[in-house]
Amino acid sequence: MNTNHASRGAMWLRLLTGGAHPVHDWTTVHACDAILAGRPARYLAVVPDPDNAFPRARNGEVGLVEGWRLAQAVREVIALDKDAAEKRPIVAVIDVPSQAYGRREEAYGIHQALAGAVAAYADARQAGHPVIGLIVGLAMSGAFLAHGYQANRLIALDDPLVAVHAMGKASAARVTLRSVEALEQLAASVPPMAYDIRSFASLGILHEVLQLTNLALPDEQDIALVHGALEAALADILEDPRRDLSCRLRGPHRGASRSVRELLATEWEADQ
Amino acid sequence: MTIENLLKRDSFIERGARSRAQALLDPGTFRELAGPFARLYSPWLAMQHLVTQADDGVVVAKGKLAGKPTVVLAIEGAFQGGSMGEVGAAKIAGALELALRDNERGVPTQAAIVFETGGVRLQEANLGLAGIAELQSAIVALRRHRPVVGISAGTVGCYGGMSIAAGLCSYFVMTREARLGLNGPQVIEQEAGVAEFDARQRALIWGLTGGEQRTATHLADACVEDDTAAVRSSVIGCFARGVPPVHRSDRTADFLACLARVDTDRQATAQDVRELYAKGLER
C-alpha cells in the first residue's frame with residue numbers, strides 16, 4: 001500500500017476542517033472540530049502511524065487502541081451536548097484498510113475495542129447526533145463496522161481506490177475454498193460480493209456517490225462538492241424523524257431484508 | 001466432569017439452534033417466527049449454486065424465560081459455519097427491532113442471542129456486513145431497556161463482525177469449548193503470517209480466546225459446563241441482574257488504562273492478559 005493512499009483519510013480530514021488542529025495528541029485517531037452548515041461538528045479519521053506501539057496497526061488499521069479512542073472521541077461529543085436540544089454532527093472520514101490482524105489484538109480482545117466504537121457511534125446517532133460517514137478510501141470489514149457503518153447517512157467518492165468489503169481477496173478465497181480468480185469471477189455477477197464502489201452503490205446502502213475531478217489532489221471545486229454533500233446529508237438527517245438505519249433497506253437488492261422484517265412483524269403479536 | 005456425569009448431562013453444545021432455543025425458553029412457551037416453512041432461502045447462495053436452507057441458519061423464537069417475555073435468536077453453526085447472510089442477519093435485526101418497539105410500548109421483551117458463527121457470510125459479503133451493522137444498532141437500542149444476553153457454547157465459537165455484536169451484549173455466557181475473537185486463526189495466519197499466529201496450534205487458540213480465559217479476563221461474564229440446565233440458569237441469572245450501570249463496551253477509560261501498560265515489544269501470552277485485565281477490569 002503506497003503512502004499516498006494510506007494518508008487519504010488524513011488528507012480529507014485536513015481539507016474538510018480547514019487544517020484544524022486535532023483536539024487530542026493521539027497519533028492514529030485524529031479528532032478535529034470544525035463548522036458544518038454553520039454548526040460546530042466533530043470530524044474523525046483513523047490514520048497511519050509507522051511508529052505505533054502495536055506493530056499490526058501501523059498502516060491505518062483499526063486496532064485495540066484505535067477502537068477505544070474512537071469510542072472516547074465520540075462519547076466526548078455526546079457528553080458535551082448532553083443537555084443541548086441541538087446535537088452536533090459527527091463526520092466519520094473513512095479510509096480504513098482493515099481491522100488489525102494479530103495475536104496481541106486477539107489476546108487483549110480487539111472485538112471488544114471495536115464494540116466500544118460501534119456502541120459509541122450508535123449511541124450518538126440514537127441520541128440525535130447526525131452522524132455522516134464519508135468513504136474516501138477503503139472501508140473494510142470490522143474496521144468499517146467500528147468507524148462509519150453506524151452513520152445515519154453514508155457518502156462515497158466514485159474512485160477505483162474506494163472499496164467496501166468484508167474481507168481481503170486472498171483471505172476470502174481461503175475461507176470459502178475458492179481461488180482468487182474464481183472469487184473475482186463471482187464478484188462480477190453477484191452484487192454483494194463485488195469490491196468496487198459502484199457495485200456497492202447498487203445495494204442501496206449509500207446516500208450519495210460523488211464524482212470529483214481530481215481525486216489525488218482535490219481542487220477547490222472538489223472540496224466544495226464534498227462540503228455541499230455533507231451539508232445536504234445533514235439537512236436530510238434533520239428532516240428525518242427516524243434515528244435508525246432503515247433508510248438503507250429501500251434498494252432493489254434489499255428485498256429479502258424487507259420481506260423478513262414484514263413477516264416477523266406479522267407473526268410477532270400472536271401470543272399477546 | 002466424571003464419566004457418570006458426562007453420561008447423565010444434557011449437552012447444550014450437541015443441540016442444534018432450534019433445540020437450543022427450545023431448551024432455553026420455559027417449557028411449552030416456544031413459538032418460532034419466520035420459521036423454515038416460510039422458506040426464507042438466501043437468494044445469493046442459490047445464485048452461486050451453493051446449498052441453501054429454509055431458515056437460512058437462524059432461528060427466531062418467542063416465548064417466556066423465567067416467566068418474562070423473551071425472544072431467542074439462535075444461530076445454527078452447522079449451516080455455512082453459522083455465517084451471517086442477508087436473511088439471517090435480517091431475522092436477528094428485525095426481531096431485536098420488534099423487541100425494542102415492545103419496550104417502547106411498555107412490554108419488557110428481552111433478547112438472548114446464541115452466537116455460533118464465523119461472522120459475515122463471505123458469499124454475501126457486503127449484505128452480510130450491512131446486516132451485521134443493522135443488528136448491532138438494534139442491540140445498542142434494546143439494551144437501554146432490558147439486558148441483551150449473549151451465549152456462545154461452541155464448537156464454532158463467535159468470530160468476525162458477530163464477535164463485535166457479542167461485545168455489545170449486556171452479558172456474555174460461554175463454555176470452555178467456545179471461542180470469542182475478531183479474526184479467525186486462519187485469517188490472521190493468511191494476513192500476518194504463521195509466525196504471528198499458527199492456525200494449527202489449538203492450545204494457543206483456546207488459551208487466548210476460549211471461554212475460560214475470556215471469563216477470567218472479564219471479557220465474558222460466566223464460563224459454564226456444557227450442560228443445558230447450567231447454561232439456562234446462567235442466562236436467567238444474567239437477566240435478573242438487569243441492565244448493567246455501564247456496559248462492557250462503554251468502559252473506554254478502563255480498557256485504555258490497561259492497554260497503555262501492555263509491553264508491545266513481545267508477543268502476548270494468556271498469562272499477560274490475565275495479569276492485566278483481572279485487576280484492571282475488576283468492577
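Taking the conditions exactly as written (among the basic types (Lys, Arg), surrounded by fewer than 19 Cβ atoms within 10 Å (Cβ to Cβ) and more than 8 Å from every other protein chain (Cβ to nearest Cβ)), does residue B:101 satisfy them or not? When the stated conditions are applied, residue B:101 passes them. The C-beta contact set for the range A:161-180 (first residue touching a residue at least 60 places away in the same chain (Cβ under 8 Å), second residue among the hydroxyl-bearing types (Ser, Thr, Tyr) and part of a loop (DSSP other than H, G, I, E, B), distance under 9 angstrom, 6+ apart or interchain) comprises A:168/A:98.
Filter the range B:141-173 for residues that are part of a helix (DSSP H, G or I), buried (at least 24 other Cβ atoms within 10 Å of the Cβ) and either of a type in the set (S, T, N, Q) or touching a Leu at 6+ places or on another chain (Cβ under 8 Å) (or both) and give the result. Within the range B:141-173, B:142, B:161, B:163, B:164, B:165, B:166, B:167 meet the criteria. Pick from the range B:256-282 the residues that are in contact (Cβ under 8 Å) with a residue 12 or more places away in the chain, more than 8 Å from every other protein chain (Cβ to nearest Cβ) and not in a helix (DSSP H, G or I): which of them is farthest from the chain's Cα centre (by Cα)? Filtering first and then ranking leaves B:261.
Looking at the structure I just gave you, is residue B:182 of a type in the set (A, V, I, L, M, F, W, C), facing another protein chain (nearest Cβ under 9 Å), in a loop (DSSP other than H, G, I, E, B) and buried (at least 24 other Cβ atoms within 10 Å of the Cβ)? Considered against the rule, which asks whether it is of a type in the set (A, V, I, L, M, F, W, C), facing another protein chain (nearest Cβ under 9 Å), in a loop (DSSP other than H, G, I, E, B) and buried (at least 24 other Cβ atoms within 10 Å of the Cβ), residue B:182 comes out as yes.
Which one is surrounded by the fewest Cβ atoms within 10 Å (Cβ to Cβ), of the residues in the range A:1-29 that are among the hydroxyl-bearing types (Ser, Thr, Tyr) and modelled with pLDDT of 95 or more?
My answer is A:27.
Restricting the range A:199-215 to residues that are within 14 Å of chain B (Cβ to nearest Cβ) and out of contact with any strand residue (DSSP E or B) (no Cβ under 7 Å at 6 or more places or on another chain), which is nearest to residue A:159 (Cα to Cα)? So the residue we want is A:199. In the range B:93-109, the count of residues that are more than 22 Å from residue A:124 (Cα to Cα), in contact (Cβ under 8 Å) with a residue 40 or more places away in the chain and not in a helix (DSSP H, G or I) is one or more. Inspection of the range B:158-166 finds no residue satisfying the criterion of being of a type outside the set (S, T, N, Q), on the phi < 0 side of the Ramachandran plot, more than 8 Å from every other protein chain (Cβ to nearest Cβ) and free of Cβ contacts under 8 Å to residues at least 12 places away in the same chain.
Contact map, the range B:201-215: residues that are more than 15 Å from residue A:105 (Cα to Cα) paired with residues that are part of a helix (DSSP H, G or I) and aromatic (Phe, Trp, Tyr), Cβ distance under 9 Å, separation 6+ or inter-chain. Pairs shown: B:212/B:206.
Applying the criterion of being out of contact with any helix residue (DSSP H, G or I) (no Cβ under 7 Å at 6 or more places or on another chain), within 10 Å of chain B (Cβ to nearest Cβ) and in a loop (DSSP other than H, G, I, E, B) to the residues of the range A:47-104, the residue that is surrounded by the most Cβ atoms within 10 Å (Cβ to Cβ) is A:52. When the residues of the range A:216-267 are filtered to those that are under 18 Å from residue A:11 (Cα atoms) and part of a loop (DSSP other than H, G, I, E, B), the one that is farthest from the other protein chains (Cβ to nearest Cβ) is A:219. So, of the residues in the range A:183-198 that are of a type outside the set (A, V, I, L, M) and crowded, with 19+ Cβ neighbours inside 10 Å, which turns out to be nearest to the other protein chains (Cβ to nearest Cβ)? It comes out as A:192. Scan the helices (runs of 4 or more DSSP H) fully inside the range B:192-246 and keep the ones with 2 or more residues being farther than 15 Å from residue B:177 by Cβ and modelled with pLDDT of 95 or more. So the answer is B:228-240. The set of residues from the range A:122-143 being part of a helix (DSSP H, G or I) and more than 9 Å from chain B (Cβ to nearest Cβ) comprises A:124, A:143.
The values are calculated or read from the model by the stated rules, or taken from the named source; none is laboratory data. Note that the coordinates shown come from a computational prediction; the quantities given were computed from them, not determined experimentally. FYI the Cβ positions are ideal-geometry reconstructions off the backbone, even for glycines, and counts take in every protein chain you see.
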